[in-house]
Amino acid sequence: MSDVSRAFKRLLVGRAIRSDRLGETLLPKRIALPVFASDALSSVAYAPDEIFLTLAIAGGSMVAFHSWEIGLAVVLVMVVVVMSYRQNVHAYPSGGGDYEVATVNIGPKAGVTVASALLVDYVLTVAVSVSSGVQNAAAAFPFVRGHEVWVALALVVLLTAMNLRGVRESGTAFAIPTYAFMIGIIGMAVWGNVRAAMGTLPPAPSAGFELRPEPGYEALTGVAFAFLLLRAFSSGCAALTGVEAISNGVPAFRKPKSKNASTTLVMMGSISVIMLLSIIGLARRTGVQFAEDPATQLYQDGVPVGAGYVQETIIGQLATTVFDGFPVGVLFIAIVTGIILILAANTAFNGFPVLASVLAKDGFLPRQLSQRGDRLAYSNGILILASAAMLLIFVYDAEVTKLIQLYIVGVFVSFTVSQIGMVRHWNRHLADTNEPKERARMMRSRAINAVGATMSGTVLLVVLATKFMRGAGFAILAMVFLFFLMLAIDKHYRRVSEELELSADGRAERALPSHVHAVVLVSKLHKPTMRALAYARACRPSVLEAVTVAVEPEKSDELLAEWDRLQVPVPLKMLDSPYREITRPIIDYVRSIRSSNPRDVVTVYVPEYVVGHWWEHVLHNQSALRLKAALLFTPGVMVVSVPWQLRSSEGAEEWVIGGQAAPSSVRGPGRGRA
């Protein structure tokens, strides 16, 4: 890594942190709340909109009479889920969350099912949150309009850089806007209700409109009526996304980890419930009219408002109403709402890498995902999450209406399976416990988890029934793909482990070869070749010979003459190559040695020289690279690279391994091929 790139990396992510300072990166509750709860808290910015939009299909009366019922149903589910996850946090504080609960209590495949659902949901959280934030910003900043995709991609890059600096630093940076959003929404609700009690709260800007049902939805009854309510309920359940992040992020909390995580979970649930009910209540009190197609559904004096009408979000309409005559308040709400929608992605940036690291340690994902980066963050997981989210944003043009249909399926899959796992967890422990008080506590916990499993399972069925044909099917396909991919990775690691396992006594692995047959590859007689010959002789093999390929007769004759003139004390063997190949004759020759002496080891010495610039590689023959690649697949063959440093490599950049300079024995910016 060059000095310039190293300096840029340090500017981007900060100075490397020693492993023994991991404890300094752990989060207190005041920082953990905005880090892990920004997704769940931000959902109140769009969950009410989704409820109102769905109910508005059947007209304003449906919204007026049933929005509060849907809101209360969502709150009930949220309370049960939060109470259930408190049991998870205390029982499984290692950070595996739903994955660990399902794996331990149901089985590895159940754990992989939960993990695949959560990984997909984390990616969607980033894509939906950032796209929603950009669309809100476009209303306030016209220059964003038409460039939403690129702005969204740039914001994901910014979030990635912040998280690469470490959980604590990103949490500190995001704490202020998250708390500002909470204060803004709760403050708006309090002031709105105070004004309502005083009789000074005006109607919303859209209160004077008539909201008419879409064609075919004028008089819903029976199954159609129930299905519409279920659709509104499933859309409102977006408010529950992010609840599971705390159970996956317990290791990031300060000690006592479980207690602090549990407290943070309750705080998050309480604040979310207050804000969600406050927004729905104020919207009904001020007469907010909110339609999916306002141009055709909203009427004023019996005439459609038309395409010229710009419909603000519910929070935007409430801010205009509550803070009429106080534009600073309206602007404050607009800014913090836009920011929190973008920062909601930060929850996924903390949950995805931790879960991926646990899966990697268990062998279901590549091992590299379990390693921490310079700043003690799981850098590889962060980069994979960002790449996948950016791909979704690009493919779906950063349109929330398209992305939202893929959303929340994964989180309810994990809710349901993990709560079933917790019921089995308590059943197992109850069978081993005779102490009355402890049994009573466990039975209460089991009842909570049983209710949570039933309720989240019901919601999952509702979500699948109402959203499958509207896009949720693609999310399920992604989960299925990840499920089988992780099983395949696990199978690969198990197979490799079995192949590398020592025999019972280890005698077969300790056995020495009968002879070592050394072969030095020669293209011409120069300094790299002489060093390779000297090194091979110093290793004292049983047999030592130099091998060259006769591609051009004139050059081969010159090499033989020079070899004899210098009296090189190693026999030179020339391989014939009528078709001017280099790799094939050498591979065939090495294999012939092995076939005639199967208990021998063949060591092939490859002279190479080190160059100092990347562009110099283009100017040099790559035959040695092809040879080494082919020899690595030949059983019983050892390949030894013998480097010769050219002057251009002097003072060149060092290789950096894990942020530290490599030892001199492995330094070198790159190798040209002799």
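Projected label points at E438 and R626, each 7 Å from Cα along the beta carbon direction, are separated by 7.0 nanometres. Charge tally for V101 (other residues, Cβ to Cβ under 11 Å; Lys, Arg +1; Asp, Glu -1): -2. For the chain, complete DSSP H runs whose alpha carbons reach 30 Å or more along their own long axis and whose mean Kyte-Doolittle score is -0.5 or higher are 60-91, 108-140, 167-198, 257-286, 409-431, 436-467, 472-500. Count Lys and Arg as plus one, Asp and Glu as minus one, and take only other residues whose Cβ is under 14 Å from that of M486; the net charge is then +3. Only helices enter this figure: runs of n ≥ 4 DSSP H residues, each worth -39500 (n - 2.57), summed and divided by the residues of the chain, yield -20500 deg cm²/dmol at 222 nm to the nearest 500.
For labels at A196 and R254 in the simple 7 Å Cα→Cβ model, what's the distance in nm? Each label point lies 7 Å from its Cα, and together they span 3.9 nm.
Other residues with beta-carbon under 13 Å from the beta-carbon of V303 carry, at +1 per Lys or Arg and -1 per Asp or Glu, a net charge of -1. Placing a label point 7 Å from the Cα of L461 along the Cα-to-Cβ direction, the residues of the stretch 415-445 whose backbone N falls under 20 Å of that point are 415-424. For K29, a cut-off of 28 angstrom between C-alpha atoms picks up these lysines, skipping any fewer than 8 places away in its own chain: K255, K257, K259, K361.
Under 12 Å from a label point set 7 Å out along the Cα-to-Cβ vector of L560, the amide N atoms of the stretch 511-550 belong to 550. One Cα centroid belongs to the stretch 232-272, the other to the stretch 67-121; the line between them spans 10 Å. Treating the stretch 26-493 as a set of equal point scatterers at the Cα positions, no solvent, please give the Debye-formula log₁₀ I(q)/I(0) at q = 0.12 Å⁻¹. Relative scattering, expressed as log10 I(q)/I(0), comes to -1.02. What does a probe at H90 reach in the stretch 414-435, counting residues whose amide N is under 18 Å from the point 7 Å along Cα→Cβ? So the set is 419-435. DSSP beta bridges fully contained in the chain are about 25 percent antiparallel.
Since every read-out is calculated from the coordinates, none of them should be taken as a lab result. Note that the structure is a prediction, hence the values are computed from the model and not measured. Methodologically, a virtual Cβ is constructed for each residue, glycine included, from the backbone with ideal geometry; neighbour enumeration extends over all protein chains shown.
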